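Enquirer: Next up is a structure, given as structure tokens.
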Amino acid sequence: MRRFSVFCLVLLLAACTNDGAFFSTDNGQQILSVVRESTFFWEKKAKFFVTISRLPDCQRRHLIQTAGLKTHVELWQPGDNTFILRLGNAMYVVENRTCEGFARLEEEPPGGLGQHLGTFGESRGVFVFVAEEPKQPAEAGGN
């Protein structure tokens, strides 16, 4: 009976989700990571967190929201030290000047979301950050 209990406990713990991926700039001095956490294998949703840091000055973790495990998180940068995370229709702004600023946006900022940096999401069972491919300038001359 004891072996069965230990097996069940290991099964429950092994099946929970606690993974993340990161985006880095300035040779690793500025990092934004997104982590998703769920406790039990039967949960179809997870808590999503963002950790923003500008080392060695600041680092802070903020709860974004609870969403489906397969949710993608788009990362945008409207300006220096400011990032926007978009999960479906929900948008959040976070800054890394002090790492304290974090808020839900009710609507898109007047100047737009800024540069699309990439997307956090699951690929082949692993949570990863996929950087946006740089836009290629259109060739002149039409050949």
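The values are calculated or read from the model by the stated rules, or taken from the named source; none is laboratory data. Since the structure is predicted, the reported quantities are computational estimates derived from the model, not experimental observations. Neighbour counts run over all protein chains shown; Cβ positions are idealised from the backbone, glycine included. Heads up: the accessible areas ignore ligands, DNA and RNA and are worked out on the full protein's heavy atoms, side chains in. Shrake-Rupley method; radii C 1.70, N 1.55, O 1.52, S 1.80 Å.
Enquirer: Could you look through the range 110-143, keep only residues that are modelled with pLDDT of 95 or more and of a type in the set (Phe, Trp, Tyr), and pick out the one that is surrounded by the most Cβ atoms within 10 Å (Cβ to Cβ)?
Expert: That would be Phe120.
A quick yes/no check of all residues on (1) in contact with a His (Cβ under 7 Å, 6 or more places away or on another chain); (2) within 19 Å of Gly118 (Cβ to Cβ); (3) in a strand (DSSP E or B):
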residue: Phe49; (1), (2), (3): yes, yes, yes
residue: Thr66; (1), (2), (3): no, no, yes
residue: Thr71; (1), (2), (3): no, yes, no
residue: Phe83; (1), (2), (3): no, yes, yes
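Enquirer: Still on this structure, please answer the following. Taking Thr51, is it at pLDDT below 95, at negative phi, surrounded by 15 or more Cβ atoms within 10 Å (Cβ to Cβ) and in contact with a Leu (Cβ under 8 Å, 6 or more places away or on another chain)?
Expert: Considered against the rule, which asks whether it is at pLDDT below 95, at negative phi, surrounded by 15 or more Cβ atoms within 10 Å (Cβ to Cβ) and in contact with a Leu (Cβ under 8 Å, 6 or more places away or on another chain), Thr51 comes out as no.
Enquirer: Also, I was wondering about something else. Just need a number here: residues in the range 82-109 that are open to solvent by 50 Å² or more (accessible area, probe 1.4 Å) and over 23 Å from Val126 (Cα atoms).
Expert: Total meeting the criteria: 9.
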